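Student: Got a structure here, written out as structure tokens. Questions coming.
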Amino acid sequence: MANRRPKPEEIVSKLRQVEVLMGQGMSRLDAIRQIGVVEQTYYRWRKQYTGSIDSTFMAQNGH
């Protein structure tokens, strides 16, 4: 079975999950493992989508 690439919305959601888990006291590495990706992928996603997280949040909150 081939691996599929996650949609940008799914990536942003996973990045937010890491932030929430870290806010609850979990280490970054444990949070990354919790969402089911490797550390390298997390950092690549974070670099690519950091602006997307902010703009998605702003759009959802009517800003």
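The values are calculated or read from the model by the stated rules, or taken from the named source; none is laboratory data. Note that the structure is predicted; figures quoted are calculated from it, not measured. For neighbour counting, all protein chains shown are included, and Cβ atoms are generated from backbone atoms with ideal geometry for every residue, glycine included.
Student: Among (1) modelled with pLDDT of 95 or more; (2) surrounded by fewer than 10 Cβ atoms within 10 Å (Cβ to Cβ), which single condition is Ile35 missing?
Tutor: Against the list (1) modelled with pLDDT of 95 or more; (2) surrounded by fewer than 10 Cβ atoms within 10 Å (Cβ to Cβ), Ile35 comes up short only on (2).
Student: Turning to a different aspect of this structure: Scan region 1-18 for residues that are in a helix (DSSP H, G or I) and surrounded by fewer than 14 Cβ atoms within 10 Å (Cβ to Cβ) and jot them down.
Tutor: Within region 1-18, Pro8, Glu9, Glu10 meet the criteria.
Student: If you take the residues of region 38-55 that are at pLDDT 95 or above and polar (S, T, N, Q), which of them is farthest from the chain's Cα centre (by Cα)?
Tutor: Restricting to residues being at pLDDT 95 or above and polar (S, T, N, Q), the top hit is Gln40.
Student: Contact list please: Cβ distance under 8 Å, first residue in region 1-25 and under 19 Å from Lys47 (Cβ atoms), second residue β-branched (Val, Ile, Thr) and at pLDDT 90 or above, pairs at least six apart or on different chains.
Tutor: Sorted first by the residue in region 1-25, then by its partner, the pairs are Lys14/Ile35; Lys14/Val37; Gln17/Ile35; Val18/Ile32; Val18/Ile35.
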